[in-house]
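All remarks here apply to the structure that follows.
The values are calculated or read from the model by the stated rules, or taken from the named source; none is laboratory data. A quick note: this is a predicted structure, and the numbers were derived from the prediction, not measured. Every residue, glycine as well, gets a Cβ built from its backbone with ideal geometry; the counts of neighbours run over all protein chains shown.
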Amino acid sequence: MLRFLLFRLALLIPTFVGVSIVAFAFIRLLPGDPIMMLAGERGISAERYAELQAAYGFDRPIIVQYLDYLWGLLHGDLGTSVVTRRPVLDEFFTLFPATLELSLCAITLAVFLGVPLGVIAAVKRGSWVDQSIMGTALVGYSMPIFWWGLLLIILFSGILGWTPVSGRISLLYFFPPVTGFMLIDSLLSGQDGAFRSALSHLVLPSIVLATIPLAVIARQTRSAMLEVLGEDYVRTARSKGLPPARVIGLHALRNALIPVITTIGLQIGVLMAGAILTETIFSWPGIGKWMVDSVFKRDYAVVQGGLLLIAGIIMLVNLIVDVLYGLVNPRIRH
Amino acid sequence: MAQTNPKQADAAIGLEGGPAVAATRRAMLAEFWHYFRQNRGAVIGLFIFTTIVIIAILAPVLAPHSPSMQNRGALLVPPVWEAGGTWQYVLGTDAIGRDILSRLLYGARFSLFIGLVVVTLSVTVGVTIGVFAGYFRGVIDVAVMRLMDVILAFPSLLLALVLVAILGPGLMNAMIAIALVLQPHFVRLTRAAVMSEKGRDYVTAARVAGAGRFRLMFKTILPNCTAPLIVQATLSFSTAILDAAALGFLGMGAQPPTPEWGTMLAEAREFILRAWWVVTFPGLAILITVLAINLVGDGLRDALDPKLKRS
């Protein structure tokens, strides 16, 4: 098992170096001069320009800049935001809990609805229940989520007035972040109504972000279940006279879940891409919105650092999924 | 050793020309249609998609107004069935008095164009790279696959967003960025298919008969790897439309006043609580188009997957 883990980790190194080169190169290719951006509309003298270039290290050969960047990276230094003048890593850690909270809620929703729906569809194969579940799943899978978010805002915020339009909590509440998760922090603050407010802000973005993973998980669970339900051991369990719930829940689902775990893991990339749109629509202060804003503001260091960190997270989650897959499925461990 | 003409060699093993091959092709097509037709959803999807194609072609004839004509006397007019709506603007007008129906009809052209260009680009590049990697293996293969891993490590929309920021916002650049992000899937699929086909007897037979490397790669092996590629191309078509609309929505795709559906949504955002129709219809158009293509994709997968075929 340890060898398997080390081998997988070793495989990540060239990919990560590649990711760092891509992130580094991209930023050098972006149009616009970062020093001129920094100077603003008034402009600066040639001497000051050269001074700043030297200060930021932009006057050195590109390969030296890259190695320097890599060296900083290994020491946890991802550069400083040109706009806020704060270290990129600090900004990331301030905003990441918001995205993590949203993503965790979304994936929980997707798994706890998607898996049972997939199982029901498989068990009732060919019936109207199956057809309506799979039809809905295909609609969810084809959904432009930025539009879906706007529709939900129109209905629940505009017409019904049930949920707020944007942000993580009402401006009425203020408390210092402890965990960074608004649901937990609002509970810890002890302020009346804070948790309710945080929850009502979280509902719509979670639904929007969960839509595509939910559809994918339901479809995958159905096809995995169908495959397993045709196996001999399921027939044996049935013919032994075991109750259907036990056959489906214990014998079939446990084996069907193996490929589903991989699917759930692969959704992390979908969630990150979805977070870009969801956070933009709901003005959710997470890393998706941070990346979009930084691209528009041409905040080189943030785009570069953000790309690297997000790719790093995705690679790490995929590794964990692979290891988990090995744990639950001993057949592929070696 | 006597050299054999590749044409003769192919004819000898039944790879080219001849009425027998044409008949086989027809039979395969008939078999495919037989299985495709069994999936009701796929047939409905195909019907809707064909309708959208016809709408896109006939947009100038069908559209009641010019997509860019502004009418200052008819700002945010609701659809005909709402109070205050008129038959002049069936689906209402936007904030600067442009007819939404006409813009949607013209928008179909952009969406299909995006899908077509992106799929063509990513299939051409991805399949070529995949065939080379799968056929030659070795250093080329390792280098190519690591590069694809790097591209796949980023969320596709984020990578496309940054790429468009580099290339400059606009529809063409958005299409290039999306094609680049989608092509690793074709590389991987083609490579895997080529690797499994390469050792088959018919490939050896063609090689022994004197077929050259390029002929083996692109004429002997590739046609036998097309089934998964067709399915992936269909799914990429819908992904391309969705991603281009998302980029348009973020302000990085087609630029106003282009009647692209995602860009229309971006322009409509500030009116969502005042005029539901400016937001609802463009998104519905995206959803219907993508849904139709995905239905066809599911049908294609079922019809082309030999494992699912009942003998």
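Residues in the range B:148-164 that are part of a helix (DSSP H, G or I) and either facing chain A (nearest Cβ under 7 Å) or acidic (Asp, Glu) (or both): B:ASP149, B:VAL150, B:ALA153, B:SER156, B:LEU157, B:LEU158, B:LEU161, B:VAL162. In summary, B:ALA254 fulfils each of the numbered conditions (1) within 11 Å of chain A (Cβ to nearest Cβ); (2) touching a Phe, Trp or Tyr at 6+ places or on another chain (Cβ under 9 Å); (3) assigned to a loop (DSSP other than H, G, I, E, B) with the single exception of condition (1). Can you name the residue in the range A:74-121 that is within 18 Å of the chain's Cα centre (by Cα) and polar (S, T, N, Q) and is also surrounded by the fewest Cβ atoms within 10 Å (Cβ to Cβ) among such residues? The residue in question is A:THR108. Against the numbered list (1) within 13 Å of chain B (Cβ to nearest Cβ); (2) closer than 28 Å to A:LEU151 by Cβ; (3) in a helix (DSSP H, G or I); (4) in contact (Cβ under 8 Å) with a residue 12 or more places away in the chain, A:ILE264 comes up short only at (1). Tell me whether the range A:59-77 contains one or more residues that are modelled with pLDDT under 75, more than 14 Å from chain B (Cβ to nearest Cβ) and outside any loop (DSSP other than H, G, I, E, B). Taking every residue of the range A:59-77 in turn, none turns out to be modelled with pLDDT under 75, more than 14 Å from chain B (Cβ to nearest Cβ) and outside any loop (DSSP other than H, G, I, E, B). Among the residues making up the range A:95-105, those that are in contact (Cβ under 8 Å) with a residue 40 or more places away in the chain, out of contact with any Pro (no Cβ under 7 Å at 6 or more places or on another chain) and either more than 24 Å from A:ILE169 (Cβ to Cβ) or not aromatic (Phe, Trp, Tyr) (or both) are A:PRO97, A:THR99, A:LEU100, A:GLU101, A:SER103, A:CYS105. No other residue among A:MET134, A:MET182 is of a type in the set (A, V, I, L, M) and away from every other protein chain (no Cβ under 14 Å) apart from A:MET182. So, B:ALA240, is that one at negative phi, within 10 Å of chain A (Cβ to nearest Cβ), in contact (Cβ under 8 Å) with a residue 40 or more places away in the chain and of a type outside the set (Val, Ile, Thr) or not? No, not satisfied.
Note on the range A:226-249: residues that are farther than 15 Å from A:VAL123 by Cβ and assigned to a loop (DSSP other than H, G, I, E, B) amount to 2. Residues of the range B:77-86 include at least one that is exposed (fewer than 14 other Cβ atoms within 10 Å of the Cβ), in the same structural domain as B:MET195 (by TED's automatic domain parsing) and either of a type in the set (A, V, I, L, M, F, W, C) or closer than 30 Å to B:CYS225 by Cα (or both). Does B:LEU161 fit the bill of being buried (at least 23 other Cβ atoms within 10 Å of the Cβ), touching a residue at least 60 places away in the same chain (Cβ under 8 Å) and within 22 Å of the chain's Cα centre (by Cα)? Yes: the conditions hold for B:LEU161. In the range A:140-157, of all residues being in a helix (DSSP H, G or I) and free of Cβ contacts under 8 Å to residues at least 24 places away in the same chain, the one that is nearest to the other protein chains (Cβ to nearest Cβ) corresponds to A:TRP147. Restricted to the range A:283-302, and to residues there that are part of a helix (DSSP H, G or I), modelled with pLDDT under 90 and facing chain B (nearest Cβ under 9 Å), the residue that is nearest to A:PHE96 (Cα to Cα) is A:VAL295.
Among the residues here, A:LEU209 does not qualify as over 30 Å from A:ALA98 (Cα atoms) and either surrounded by fewer than 21 Cβ atoms within 10 Å (Cβ to Cβ) or at pLDDT 85 or above (or both).
Figure legend. Inter-residue proximity from the range A:13-24: first residues more than 7 Å from chain B (Cβ to nearest Cβ) and within 17 Å of A:ALA301 (Cα to Cα), second residues assigned to a helix (DSSP H, G or I) and of a type in the set (Ser, Thr, Tyr), beta-carbon distance below 7 Å, spacing 6+ or different chains. Indicated pairs: A:PHE24/A:TYR66; A:PHE24/A:TYR69. On inspection, A:THR211 qualifies as within 14 Å of another protein chain (Cβ to nearest Cβ), hydroxyl-bearing (Ser, Thr, Tyr), out of contact with any Lys or Arg (no Cβ under 6 Å at 6 or more places or on another chain) and touching a residue at least 24 places away in the same chain (Cβ under 8 Å).
The rows are residues; the columns are (1) outside any helix (DSSP H, G or I); (2) away from every other protein chain (no Cβ under 14 Å); (3) closer than 16 Å to B:MET252 by Cα.
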residue: B:ILE166; (1), (2), (3): no, no, yes
residue: B:PRO169; (1), (2), (3): yes, no, yes
residue: B:MET172; (1), (2), (3): no, yes, yes
residue: B:ALA177; (1), (2), (3): no, no, yes
residue: B:GLN183; (1), (2), (3): no, yes, no
residue: B:VAL187; (1), (2), (3): no, yes, no
residue: B:ALA205; (1), (2), (3): no, yes, no
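Screening B:ARG269 with (1) within 27 Å of B:ALA59 (Cβ to Cβ); (2) in a helix (DSSP H, G or I); (3) under 19 Å from the mean Cα position of the chain (by Cα) gives one miss only, at (3).
If you go through the range A:147-159 one residue at a time, do you hit one that is over 25 Å from A:PRO285 (Cβ atoms), among the hydrophobic types (A, V, I, L, M, F, W, C) and at pLDDT below 95? Yes, some residue in the range A:147-159 is over 25 Å from A:PRO285 (Cβ atoms), among the hydrophobic types (A, V, I, L, M, F, W, C) and at pLDDT below 95.
The single condition from (1) in contact with a Phe, Trp or Tyr (Cβ under 8 Å, 6 or more places away or on another chain); (2) within 14 Å of another protein chain (Cβ to nearest Cβ) that B:ALA303 fails is (2).
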